[in-house]
Amino acid sequence: MREMMARLLDAYREYFHAVRESYLRSDNELAVELDKARHEGRLARSNLEASVDRFNAEPRSGTDPEGAWTGILATSHRLIHSVMALEAGLTGSTPAAARPEFRTFSNEVEVTLHSLAGALRGSPLTQFELPDLRDLHHALTRAGDSVTERYALVNIETDRLTNSLNTLSEQVLSMLASGAAPQEALNPTTSRPAQGAP
């Protein structure tokens with residue numbers, strides 16, 4: 001299960017990277033990369049959902065983290081919805097030059113996703129080693145004119161992204177610290193992405 005979750009975070013990091021690069025470049029050169037990353041995210045999510053369903057159906061003692069995995073999955077769903085909203089903003093808002101603070105913030109979002117995936121694969125990680133996304137988001141919202149349509153949209157969706165990723169970090173690290181998370185990676189039962197969100 002850990003490996004399946006790590007793969008999901010890797011896929012979401014690649015998708016977020018394609019979205020942030022589209023904002024930074026302000027062009028349509030990354031359309032193919034966006035489509036591919038979105039597809040990979042959907043596939044990874046479909047595989048994880050199948051694994052969580054099987055895990056929840058298995059008999060186990062009361063100490064097993066059934067609720068933990070369900071909670072992590074729900075938080076990851078909120079996380080990716082904010083990234084999808086950012087992608088929608090590329091065509092739904094008037095283009096504006098990306099703020100330097102957006103580059104800094106998005107770099108650290110990728111660092112956080114990479115670090116959590118590594119922790120799920122066994123690398124040591126504490127909350128104190130993760131970037132302070134809330135502080136970086138505050139810096140982002142203070143930059144530029146907040147009434148600019150694109151800046152306002154980015155401010156809102158990155159706030160949701162920050163909330164979700166901070167919650168996800170707490171959930172993953174808490175579960176790993178408990179030592180209760182299963183080590184084995186469950187084999188996916190599907191090779192096709194589910195409909196809807198990644």
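The values are calculated or read from the model by the stated rules, or taken from the named source; none is laboratory data. What you see is a predicted model; the values in this text were computed from it and never measured. Here the Cβ positions follow ideal geometry from the backbone for every residue, glycine too, while neighbour counts run over all protein chains shown.
Just one of the listed residues (Ala6, Ala11, Ala31, Ala44) is surrounded by 21 or more Cβ atoms within 10 Å (Cβ to Cβ), at negative phi and at pLDDT below 85, and it is Ala44. Per the conditions (1) at pLDDT 90 or above; (2) more than 19 Å from Thr158 (Cα to Cα); (3) touching a Leu at 6+ places or on another chain (Cβ under 6 Å), the sole criterion not satisfied by Ser22 is (2). Pairing each residue of the range 1-25 that is without any contact (Cβ under 8 Å) to a residue 24 or more places away in the chain with any residue that is of a type outside the set (Asp, Glu) and part of a helix (DSSP H, G or I), provided the two are 6+ apart or on different chains, yields C-beta distances under 6 Å for Ala18/Leu34; Ala18/Ala37. Against the definition (closer than 23 Å to Ser174 by Cα and without any contact (Cβ under 8 Å) to a residue 60 or more places away in the chain), how does Leu140 come out, yes or no? No; evaluated as a whole, the condition is false for this residue. With the structure loaded, tell me whether Asn56 is in a helix (DSSP H, G or I) and modelled with pLDDT under 80 or whether it fails that test. Judged against the criteria, Asn56 is a match. When the range 74-90 is filtered for residues that are out of contact with any Pro (no Cβ under 9 Å at 6 or more places or on another chain), buried (at least 17 other Cβ atoms within 10 Å of the Cβ) and among the hydrophobic types (A, V, I, L, M, F, W, C), the ones remaining, listed by number, are Leu79, Ala85, Leu86, Leu90.
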